[in-house]
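A short write-up of the structure that comes next.
All of the numbers you see were taken from the coordinates with simple rules; none came from a lab. Because the structure is predicted, anything quoted here is derived from the model rather than measured. We place every Cβ from the backbone using ideal geometry, glycine too, and count neighbours over all the protein chains shown.
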Amino acid sequence: MSVDKQIVAKIASLARIQMGDAELERMVPELNNILSWVEQLGEVDCSGVEPMTAVIPNTLRLREDAVNADPLTGGDRRDDILANAPAREHGFFGVPKVIE
């Protein structure tokens, strides 16, 4: 695929970038080089290569989704947390209504 000045102008227009004639002319060979590089990537034989998301194997370190029984760091402390709240509504922080 080859890019000319009109295509670069169209791309700049779609990207809302204002470019002069000199800038458009300068971008034509750069975009053509990028497209030729992408075409080279299409020629690479990657059969037998598994898709991957990272170059090193990553595993997530998961923990059990359970409430901690410790009274200081555990759950079930709603009343303690809401004790200093200026307004409480149904066990949650109450906030003033904002309408714009």
For this session: Using amide H atoms built 1.01 Å from N in the peptide plane, name the residues 5+ places from R88, or on other chains, whose amide H lies under 5 Å from its own.
Result: G94
Exercise. What is the dipole size for the chain, taken about its Cα centre, with +1 at each Lys and Arg Cβ and -1 at each Asp and Glu Cβ, in debye to the nearest 20?
Worked result: 420
Problem set entry | Crossing angle, helix 5-14 versus the chain [Cα axis fit, 0-90 degrees, rounded to tens] | 20
Seminar exercise, completed: In whole Hz, the Karplus estimates of ³J(HN,Hα) for the range 35-51 (6.51, -1.76, 1.60; θ = phi - 60°; x where Gly or Pro) are 5, 5, 5, 5, 5, 4, 5, x, 7, 6, 7, 10, 6, x, 9, 6, x
For this session: Rank these for me by crowding, M1, M27, going from fewest to most other beta carbons within 10 Å.
Result: M1, M27
Seminar exercise, completed: Quick calc of log₁₀ I(q)/I(0), the chain, Debye, one scatterer on every Cα, no solvent, q values 0.19, 0.22 1/Å, result -1.08, -1.11
Seminar exercise, completed: Ranking Q40, A9, P86 by how far each Cα lies towards the positive end of the charge dipole of the chain (+1 on Lys and Arg Cβ, -1 on Asp and Glu Cβ), the top one is P86
Exercise. Once every DSSP H run of n ≥ 4 in the chain is given -39500 (n - 2.57) and the sum is divided by its residues, what mean residue ellipticity at 222 nm do you get, rounded to the nearest 500 deg cm²/dmol?
Worked result: -11500 deg cm²/dmol
